[in-house]
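The values are calculated or read from the model by the stated rules, or taken from the named source; none is laboratory data. Model, not experiment: these values are computed from the prediction. Quick reminder, even Gly has a Cβ in these numbers, built from the backbone with ideal geometry, and neighbours come from all protein chains shown. What goes into the accessible areas is simple: the full protein's heavy atoms, side chains included, and nothing from ligands, DNA or RNA. Shrake-Rupley method; radii C 1.70, N 1.55, O 1.52, S 1.80 Å.
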Amino acid sequence: MRLGVEAAVVEGVLLPGDVEVADGRVAAVGLAGPGSGVAVPGFVDLQVNGFGGVDFASADAADYRRAGQALLETGVTAFQPTLITAPEAELTAALAEVPSDPIGPRLLGVHLEGPFLAGSHLGAHQAAGRRDPDQELLERLLAAGPIRYVTLAPELPGALDLIDALHARGIVVSLGHTGATAHEAELAFERGVGTVTHLFNAMRPFHHRDPGIVGAALAREDVIVQIILDGHHLHPDVALLAWRAAGGRLALVTDAIAAAGVGDGRSRLSRLDVDVRDGVVRGPAGELAGSVLTMLQAVRNLHELGVPLVDAVAAATSVPARAARVPDVGVLREGGRADVVVLDDRLEIRTVLVSGEEPVAA
Ligand code: ZN
């Protein structure tokens, strides 16, 4: 099957020509012939609390398929359903519901955001479920479902040992909801942690004499920083600053909640009642509580800041895939998996393929 495109983002480079897909793989690129639009790798979202009316904290298999379908419509072909801090019984119940059957986009595994977070930087997370690092609790959570990625605060007592335990099991650690100083963050980076969850939000603020985790992450060359680029979580200059410091290692995440793809009104984020107004999600205390951002819109927003489209696409594809250490995802290349999004000239989605197929609603 030919995609009928004018060009494609192939291994991070805009290559003129059409793309041929066969047997779930990209068979050829750079083919001569008429076409329009551009083929890019399917988007990879590392932080999705819910989507299309579904909150993953209370979702069953049918809900996952519904959310999966809604995510596909926004170009996401691989994602991590994200569970935020909650009491153990609620987390284990939610983990048990994570389906192993196909739901449309690839379900990479769960992003557990909490409960080992700093009480001082919980944001919309509920204090009732917060815990200091606890190996036995971690073991019970890991036994309950397919956790592949954990956000934690590195300055907490026992956090570095917990990082080692997670790495030993092949689980990716990201730092977030933290009051870590630059030094405390460095200790975790030296331990092999390679990424930071929603940089700037819910963490010690950057100060020129006390740069904190933000300064430490931006100053290094080997740390991937994730940002929520919805126009509300960060001032545009701050997003641009992050891009200038960390272009090529900046990953877009949506932090989307159930209301994403639904519209304004009342919604839920785990145990929290939230209010969505003019595209901004707030909890009862007025705190930002996730977003209704789509990955497609995040790409457009980064591009609108002046970042070349190829780089904005990388921030939604290969860079998050690298942060989550998933091979063969987030890159379009000859012989690679045909997880592809075709965008038209206005950056609207024309086609979404997972393994070369247009997934149908189950
Ligand atoms: Zn968060």
* Structure fact -> In order over region 294-310: 3J(HN,Hα) from phi, Karplus 6.51/-1.76/1.60, θ = phi - 60°, whole Hz, x for each Gly or Pro, gives 9, 5, 4, 5, 4, 5, 4, 5, 5, 4, 5, 6, x, 7, x, 4, 4
* Ignoring ligands, DNA and RNA, what percent of the 1.4 Å accessible area of region 135-201 is carbon and sulfur? -> 52
* Beyond 18 Å, what share of the Cα-Cα pairs of region 135-185 is found? Please give it as a whole percent. => 27
* To do: Would you be so kind as to identify which of ALA251, HIS235, SER174 lies farthest towards the positive end of the dipole of region 169-274, taking Lys and Arg as +1 and Asp and Glu as -1 on Cβ and the Cα centre as origin?
  => SER174
* Structure fact -> Highest mean packing first, using Cβ neighbours within 10 angstrom, the peptides 120-131, 219-230 sort as 219-230, 120-131
* Assigning unit charges at the beta carbon (Lys, Arg +1; Asp, Glu -1) and nothing else, what dipole magnitude in debye, to the nearest 20, does region 1-118 show about its Cα centre? -> 280
* To do: Could you quote the convex hull projected area for region 222-362, Cα atoms only and averaged over all directions, in nm²?
  => 10.3
* Structure fact -> Quick calc, region 260-332, dipole around Cα centre from Cβ unit charges on Lys, Arg (+) and Asp, Glu (-), nearest 20 debye, gives 220
* Starting from the Cα of VAL310, step 7 Å along the direction of its Cβ; do the same at ASP134; then give the gap between the two resulting points in nm. => 5.0
* Could you rank the peptides 171-182, 52-63 by their average count of other C-beta atoms within 10 Å per residue, with the highest value first? => 171-182, 52-63
* Asked: Dipole magnitude of the chain about its Cα centre, charges +1 at Lys/Arg Cβ and -1 at Asp/Glu Cβ only, in debye to the nearest 20?
  -> 160
* Round to a whole number: what % of the accessible area of region 208-362 belongs to carbon and sulfur, probe 1.4 Å? -> 48
* Per residue, what accessible area does region 43-330 have, given a 1.4 Å probe and all protein chains present, in Å²? -> 36
* To do: With both partners inside the chain, how many of the DSSP beta bridges are antiparallel, as a percent to the nearest 5?
  => 50
* Can you give the Rg and Dmax of the chain based on its C-alpha atoms, in angstrom? -> 19.4, 61
